[in-house]
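Comments concern the structure below.
Every read-out reported here was derived from the displayed coordinates using simple, explicitly stated rules and does not represent laboratory data. What you are looking at is a predicted structure, and each value in this text was computed from that prediction instead of being measured. Cβ placement follows ideal geometry from the backbone for every residue including glycine, while neighbour counts extend to all protein chains displayed.
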């Protein structure tokens, strides 16, 4: 089925509350939690308990129905933040979301207190004082924390080809998990539209404990793709990890806060955050239009018609995209017409969502949400988390289609058609 989608701006809802470490820096860590959706509370809980049953693989940080997690708690790390303690000493904190035993998902925000760097065949212990990114290549500023080492107190920066010699140690719930890096994917992906440049991605691994498993016996991929056919959990294909600085994205609905120079988003390559950048949309937008369009593209990628945690697409869906900024050109290439418009996304006073949807041209007819037996196909209706009807989605008209391509700084829009050239 050929389908056209149009999108504009995007918005997100809050997730759950995470437990805070006693570090003397709780105010800053609470701020981190608030941005990513934890609310920054002091004890485990949920801002809105109805949203805490929404699982992590909703297409924002992973591919739709994909997986990312480390440790026996299966924590999906979403964000790193460069902060300072009460003595003005720099440190790095992180936020993550994990499934609880009660069927709900919970948040944790913690200090990234340890890193290991391999030097002359020996893993030296460091504290982490900063994380940075240039051209999607991360770097870590480390301070030697081994009091028995002649290099105690020495500062080094690890990045580039040295990343495979780095291990990050995550501690939560009296458990350790160690994250390691494979070499950068070579060659890096070329972004041929819009922002241009290169997209750098890394095979990311984790293993239990606070030291790297160099034998590989307990090492696992952190990012994994969605299952296909009769595949089991053990057969998931690996995905890659991507680092992007300067903004924070909420897990459930992709609501984004830009202009955060001390924040680093960590996601999987085939999730919406990295995918829309690969399509040419800039995550360091110079103006409001770019910021709105980036968030809108994440809504569009997930087929999130209501602009919330719901999504109605799956992996390996090819699309064409058109936008008013001239980044994607499907309409001028003859691939998009009024007859194959799936939906138009745009800014509204309550956030970004689809402004109209043509049910006969839905991207993946029959796809249901939620994922359990209660799931139903999209029925042109949008609900709040309690199940109350908010509004019924109108169908798209020819007049709306004619306005897709107007460059409106307040409500930039994009459009998409299936099947297309961009596979996700």
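Quick notes on this one:
- Projected label points at residue 122 and residue 381, each 7 Å from Cα along the beta carbon direction, are separated by 6.8 nanometres.
- Shape call, the range 106-165: gyration tensor on alpha carbons, a/c limit 1.5: oblate
- Cα gyration tensor, the range 174-313 - rounded (a/c under 1.5), prolate or oblate: prolate
- If you wrap the Cα atoms of the range 270-359 in a convex hull and average its projected area over all directions, you get 6.2 nm².
- Between residue 392 and residue 231, the distance separating the two model label sites (each 7 Å from Cα on the Cα→Cβ line) works out to 3.9 nm.
- Estimated distance in nm for a label pair at residue 338 and residue 175, the labels positioned 7 Å out from Cα along Cα-to-Cβ: 5.7 nm
- Between residue 371 and residue 165, residue separation times 0.36 nm minus the direct Cα-Cα distance comes to 70.2 nm.
- Legend: calculated FRET efficiency, residue 86 to residue 137, from the Cβ-Cβ distance at R0 = 51 Å, rounded to 0.05, equals 0.95.
- Three-way shape call for the range 133-195 based on the alpha-carbon gyration tensor, with the a/c threshold at 1.5: prolate
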